[in-house]
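Read the structure below first, then the notes.
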Amino acid sequence: MKKFPINSDQEVAVLVKSKEELFKELENFIEENGYEGKKDALIQVLHKAQELFGYLPADVLEYISDKLDVPLSKVYGVVTFYNFFSTKPKGKHQIKVCLGTACYVKGADRIFERFLEELKVNPDEPTSDGMFSVHGVRCLGACSMAPVVMVDEDDFYGRVTPDMVPQIISKYKREG
């Protein structure tokens, strides 16, 4: 466990798992569920790997390909087909701005740009502290509340304006 000083009288402990430990957890998951050599377990194993690693780097995809006896090209095909898989690191809090037609005509592009400006980040990349990433998505299914923003998988914001962006960000900064 590493300790990082916050100020002179406080410390915070941060538990960081090594990549080897994460691979071991993935291996245990595959073995415990009887997935080794089972091509039809690909999506379940990819979900678990992304949960463990935060995204799906190339070496993890190669490992899964070997363990499940699935061609690497098929593994990449599945990962790139489904938008819930990512081969790039993402922030702890994922901000999804709907850019579908209903949201776009009500100014979603300005909201998207405001998030990028406030967080000083490029689309789909994590902030330097790893706390946030901002993604433009096609539809969140709440067109009557356009423009819509979703943070993580459970917080929806409707009728968002660019002026609301700093308040939304600060809520998640406070929560950590």
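Values quoted throughout were computed directly from the atomic coordinates according to the rules given, and no laboratory measurement underlies them. Computed from a predicted model, the values in this text were never measured in an experiment. Ideal geometry is used to build each Cβ from the backbone, glycine not excepted, and the neighbour counts take in all protein chains shown.
Multiplying the sequence separation of CYS143 and THR101 by 0.36 nm and subtracting their Cα-Cα distance, what value in nm do you get? Walk me through the numbers on the way to the answer.
On the way: separation 42, 0.36 × 42 = 15.12 nm, distance 0.87 nm.
Residue separation times 0.36 nm, minus the Cα-Cα distance, leaves 14.2 nm.
Of VAL160, VAL105, VAL137, VAL79, the sequence from fewest to most neighbouring Cβ atoms within 10 angstrom is VAL105, VAL137, VAL79, VAL160.
For the range 93-175, the relative contact order is 37 percent, taking Cα pairs closer than 8 Å that sit 6 or more residues apart in sequence and dividing their mean separation by the residue count. The calculated pair-distance distribution of the range 93-175 uses every alpha carbon pair, bins of 10 angstrom beginning at 0, and gives 20, 58, 21, 1 percent.
Against the globular-protein guess of 2.2 N^0.38 Å, express the Cα radius of gyration of the chain as a ratio, rounded to two decimals. Can you show the working numbers first?
On the way: Rg = 19.1 Å, N = 176, 2.2 N^0.38 = 15.7 Å.
Output field value: 1.21.
Gain on full extension, evaluated as 0.36 nm per residue between ASP40 and LEU72 minus their Cα-Cα distance, stands at 10.1 nm. Going by neighbour counts of Cβ atoms within 10 Å, the residues ARG138, ARG110 line up, fewest first, as ARG138, ARG110. For a quick check, take a GNM of the chain with Cα springs below 10 Å and name the residue from PRO166, PRO147, PRO89 with the largest mean-square fluctuation. Among PRO166, PRO147, PRO89, the largest GNM mean-square fluctuation belongs to PRO166.
Dividing the alpha-carbon Rg of the range 18-81 by 2.2 N^0.38 Å yields what?
Working: Rg = 10.4 Å, N = 64, 2.2 N^0.38 = 10.7 Å.
Working it through for the range 18-81, the quotient is 0.98.
For LYS19, the lysines whose Cα falls under 21 Å of its own Cα, not counting residues fewer than eight places away in the same chain, are LYS2, LYS3, LYS48, LYS67, LYS88, LYS90, LYS92.
About the centre of its Cα atoms, the chain shows a dipole size close to 580 debye [charges on the beta carbon of Lys, Arg (+1) and Asp, Glu (-1) only; nearest 20 debye].
The range 36-72 and the range 135-176 have Cα centres separated by 31 Å.
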